[in-house]
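The values are calculated or read from the model by the stated rules, or taken from the named source; none is laboratory data. Predicted model, so just to flag it, every value in this text is computed and none were measured. So basically every Cβ, Gly included, is an ideal-geometry build from the backbone, and we count neighbours across all protein chains shown.
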Amino acid sequence: MLQVAKKMERLGTESAFEVLARAQKLSQQGKDIINLGIGQPDFKTPGNIVEAGRKALKDGHHSYTPANGLPELREAVTFDLKRRYQVDVDAENVIIVPGGKPTMFFSIVMFGGQNSEIIYPDPGFPIYSSLINFTGSRPVPINIKESNNFSFRADDILEKITPNTTLIIINSPANPTGGVTTKLELDKFVKEISKYPSIAILSDEIYSHMVYGNTKHISLLEYPEIRDQLILLDGWSKTYAMTGWRIGYAVWPKTLVQHVTRLCINSHSCVNAATQYAGLEALTGSHNDICRMLEEFDQRRLMIHKELNSIPQFKCVMPGGAFYAFPNIKGTGLSSEEAQNLFLNEAGVATIAGTSFGNAGRGYLRFSYANSASNIMEALKRIRKVF
Ligand code: PLP
């Protein structure tokens, strides 16, 4: 019998993929399933981006690229960051990777290990705690509270710092809550954390374009005093409806570039060349389709918030960003898993139990509004019927 290394027992998973598989199985059995569990835009990648990828293949871009990404793509990322945040970034600090997850993996592997502690959001993206456990670090959750509109509070993080803290992970706009952290809290966080130059910060800003209403996304890149500590994670998956292309980027501190480049060479070598050309077109070409997609998400956000609150047993704060709503379902008397299973089996609606995102997700359910307005209306109608 094969014996895998003990640490494999500590590796978790992302239940969204499991729920997706169950929903697909039910669909195949002829059940009418509306999927509000999925964490990816229901829009197609814009045509100009697809065409750029196709052209790259036709033009013979079939080879390895530099491990850190095509120079022109890294340059384009720096122009984009300058346009969005008015900051100067050296293209040498930009590393192109296959999606948002590799940056997460590399940062946690780089700073994780016995005797280290990593602070992360709970509820939060499940891969954070999975990888922290995998490396043998002590996971230190910060409770992201509904009473604070799921925006993190600087003090909640700062009070968890010990001499063993090596990395702090923050995520805004957030999965699974849709929470967006305020400038006031970011200012406070940065002012204090800059006093700990040996602690790295992973700022997962994969939903940076997805903020609505009066909310503005503020990137940690806008704070020069922490640039030598900051790993900024962003990418194309959500913004450009490119989840399956597998492309993302991060801005790394100068001192870590050599380490992350080696991790790239040791793992995937480079992102596939045609995808990188598609990514270049996404940054430099027309953004009309993307603006339309974001307007549509905003409409759905307002709708799902209203519909969820029309169920007396649910209580939902207005999400400020991403494409998730995270209602409090404690009034149903059901656990998160019971509600998830009931809605999938009885109403044909896939959602994700809040506990899939950590202990603090107990009593909540994640609804993704990356589905059409009519499907969202129908899903909520069916859930109302279950009660
Ligand atoms: N970070 C967060 C908060 C996410 O929700 C996701 C995907 O759902 C990712 C990162 C990973 O993105 P990618 O698909 O580009 O790896």
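Of a type in the set (Lys, Arg), touching a residue at least 40 places away in the same chain (Cβ under 8 Å) and surrounded by 23 or more Cβ atoms within 10 Å (Cβ to Cβ), is that true of Arg301? Judged against the criteria, Arg301 is a match. Does Thr332 count as crowded, with 17+ Cβ neighbours inside 10 Å, among the polar types (S, T, N, Q), farther than 28 Å from Asp204 by Cα and modelled with pLDDT of 95 or more? Taking the combined requirement at face value, the residue satisfies it.
In region 1-24, the qualifying residues are those that are modelled with pLDDT of 90 or more and part of a helix (DSSP H, G or I), and the one that is surrounded by the most Cβ atoms within 10 Å (Cβ to Cβ) is Arg10.
For (1) over 30 Å from Glu9 (Cα atoms); (2) touching a Ser or Thr at 6+ places or on another chain (Cβ under 9 Å), each residue gets a yes or a no:
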{"residue": "Val89", "(1), (2)": "yes, yes"}
{"residue": "Val94", "(1), (2)": "yes, yes"}
{"residue": "Gly99", "(1), (2)": "no, yes"}
{"residue": "Thr103", "(1), (2)": "no, no"}
{"residue": "Phe111", "(1), (2)": "no, yes"}
{"residue": "Thr135", "(1), (2)": "no, yes"}
{"residue": "Arg138", "(1), (2)": "no, yes"}
{"residue": "Asn148", "(1), (2)": "yes, no"}
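For region 236-254, the set of residues classified as surrounded by fewer than 22 Cβ atoms within 10 Å (Cβ to Cβ) and over 13 Å from the mean Cα position of the chain (by Cα) consists of Gly244, Arg246, Pro253, Lys254, listed by residue number. Taking the numbered list (1) without any contact (Cβ under 8 Å) to a residue 60 or more places away in the chain; (2) touching a His at 6+ places or on another chain (Cβ under 8 Å); (3) among the small types (Gly, Ala, Ser) in turn, Ser194 passes all entries but (2). Here Leu186 meets the list (1) within 16 Å of the ligand (Cβ to nearest atom); (2) crowded, with 21+ Cβ neighbours inside 10 Å almost entirely, failing just condition (1).
Lys101 - would you say it is of a type in the set (D, E, K, R), surrounded by 18 or more Cβ atoms within 10 Å (Cβ to Cβ) and in contact (Cβ under 8 Å) with a residue 40 or more places away in the chain? Here the answer is yes, as Lys101 does meet what is asked. Residues in region 337-355 that are in a helix (DSSP H, G or I) and in contact with an Asp or Glu (Cβ under 8 Å, 6 or more places away or on another chain): Thr355 alone. When Thr103 is tested against (1) over 19 Å from the mean Cα position of the chain (by Cα); (2) closer than 27 Å to Thr165 by Cβ; (3) part of a helix (DSSP H, G or I), exactly one condition is not met: (1). Scanning region 147-172 for residues that are part of a loop (DSSP other than H, G, I, E, B), surrounded by 19 or more Cβ atoms within 10 Å (Cβ to Cβ), touching a residue at least 40 places away in the same chain (Cβ under 8 Å) and in contact with a strand residue (DSSP E or B) (Cβ under 9 Å, 6 or more places away or on another chain) gives a single hit, Ser172. What residue, among those in region 1-50 that are of a type in the set (Lys, Arg) and either out of contact with any Phe, Trp or Tyr (no Cβ under 7 Å at 6 or more places or on another chain) or within 14 Å of the ligand (Cβ to nearest atom) (or both), is farthest from His209 (Cα to Cα)? Per the stated criteria, the residue is Lys6. For region 106-137, taking the residues that are in a helix (DSSP H, G or I), in contact with a strand residue (DSSP E or B) (Cβ under 8 Å, 6 or more places away or on another chain) and under 24 Å from Ser151 (Cα atoms), the one that is nearest to the ligand (Cβ to nearest atom) is identified as Tyr128.
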